[in-house]
1. About the Cα centre, and with charges only on the beta carbon of Lys, Arg (+1) and Asp, Glu (-1), how big is the dipole of the chain? Nearest 20 debye, please.
2. Restricting to DSSP loop positions (anything but H, G, I, E, B) with no more than 12 other Cβ atoms inside 10 Å of their own Cβ, which trypsin sites (Lys or Arg not before Pro) remain in the range 320-389?
3. Along the Cα→Cβ direction, 7 angstrom out, place labels at D310 and T31. What is the inter-label distance in nm?
4. Work out how much length R332 to L216 would gain on full extension: take 0.36 nm times their residue separation and subtract the Cα-Cα distance, in nm to one decimal.
5. By how many degrees, between 0 and 90 and to the nearest 10, does the Cα long axis of helix 105-114 differ from the longest principal axis of the chain?
6. Select from the range 108-167 those GluC sites (Glu not before Pro) which occupy a DSSP coil region and have at most 12 other Cβ atoms within 10 Å, ordered by residue number.
7. Please give me, ordered by residue number, the GluC sites (Glu not before Pro) of the range 316-378 that lie in loop per DSSP and have at most 14 other Cβ atoms within 10 Å.
8. Is the C-alpha gyration tensor of the range 153-311 telling us rounded, prolate or oblate? Criteria: a/c under 1.5 is rounded; beyond that, a/b larger than b/c is prolate, otherwise oblate.
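The values are calculated or read from the model by the stated rules, or taken from the named source; none is laboratory data. No experiment lies behind these values; they were computed from the predicted model shown. Glycine also receives a Cβ, built like all others from the backbone with ideal geometry; neighbour counts cover every protein chain displayed. Calculation scope for accessible area: heavy atoms of the full protein, side chains included, ligands and nucleic acids excluded. Shrake-Rupley method; radii C 1.70, N 1.55, O 1.52, S 1.80 Å.
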Amino acid sequence: MNTGMNTGMSTDRVVRTFIEYFEERGHRRITGSTLLPPPGDPVLFTTSGMHPLTPYLEGRPHPLGRRLVNLQRCLRTTDLEEVGDTTHLTVFEMLGTWSLGDYEGPQSLDWGYDLLTEGLGIDPGLLHATVHGGDEQVGPDTASLRVWQDRGVPVELTEEDNWWSNGPVGPCGPDSEIFLWTGDTPPRSTPTRDDRWVEVWNHVTMRYRRLDDGSLVPLPQRNIDTGLGLERLASLLQGRSSVFECDVFDPWRRLVPALWPLDELSLRLVYDHLRSAVVVIGDGVTPAATGRGYVLRRLVRRVLTVLWRDDPSRSLHDLPDELLTHTLDHFRQNGETAGVRRLLLDEERRFRGLLERGRQVLARPRFHGPLTGEDFRYLHDTHGLPRDLVMSLRER
């Protein structure tokens, strides 16, 4: 990844610049929530900055007004398999702005362009936008298209790629995404045809609600909801080749490789999953067999599987306190490092015992051949061995 820039802008300075820019334009800063949605919400974790604001996007007046800005920590389990590439993290922070029935999409895009190019120093020639080109239910987003044409930013029209929704039903609408060129050559092609275009900011014109039958009805008010991944933008501004090289990962890159010599892809998984586990624990989750606790358990076990692949004697007991403290402080959490470490080590002991039991069970003659669906159900229900763990043990 080579953006042709290195502004030397720290992640903290990116946050300050973003927040202050929108405060100067009448936005009130709201405090980001924890990773845990409010009671009754069907999702396990907060996945975007807009999630806690859903009632206000649907028409409830917000106590701080119609223009809001914040920094929200998020967790996306859908990205677990992609962690290790240059842009995806499990737990990350998202900068967001909202207009609750106030200004429209063109104003949001104008401010976004000015902040990126003037406030953050990005070369306008490295930008590309995508815009909703229309479908059988909604026409093309000509207002956003006009903004980008007036600014001289190249635009690609898409359908599904530029329609945002938070699920099969609920608030939704067309969006315009802003991409930054990361290649070693001058910009070429378009975002859907060349993955060297990296998305940095999404501006959603949230004006519809999708019903159970798939139809769209207008929301009580026309909203703007924007989201910008902090670590991704910071890494680009710092001229780094991946999100794992931006400054928030400096302590991890300094301490972990000397402790556990691993290949780069494995190191990235360890950084991400351990950091995410600490944040999840910091928000009050403990390992469990289902729900949020299972996501935490899966994160820790994926780390241990990587660590023990080459050396079964490795232990999370050796994880430096500095990394626990750094993570809790960065995410503004009040947890004690001793409590976080205790939960991690308890889960490590539990996983070691499960692996040993799994090896003994799979050594039985019954399981020497190909495993059937009935075998997997028996191993899970009787011995607590998940399918992915069984497959991993069989490969050893």
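1. On the way: 46 positive and 58 negative charges, 308 e Å.
The calculated dipole for the chain is roughly 1480 debye.
2. Values: sites: R332, R341, R342, R349, R350, R352, R357, R359, R366, R377, R387; in loops: R332.
Answer in residue order: R332.
3. Simple spin-label model gives 4.4 nm for this pair.
4. Numbers: separation 116, 0.36 × 116 = 41.76 nm, distance 3.91 nm.
Taking 0.36 nm per residue and subtracting the Cα distance, the gain is 37.9 nm.
5. Helix 105-114 and the main axis of the chain meet at about 80 degrees.
6. Working: sites: E118, E136, E156, E159, E160; in loops: E136, E159.
Counting only loop positions with at most 12 other Cβ atoms within 10 Å, the GluC sites (Glu not before Pro) in the range 108-167 are E136.
7. On the way: sites: E322, E336, E347, E348, E356, E374; in loops: E336.
Answer in residue order: E336.
8. oblate
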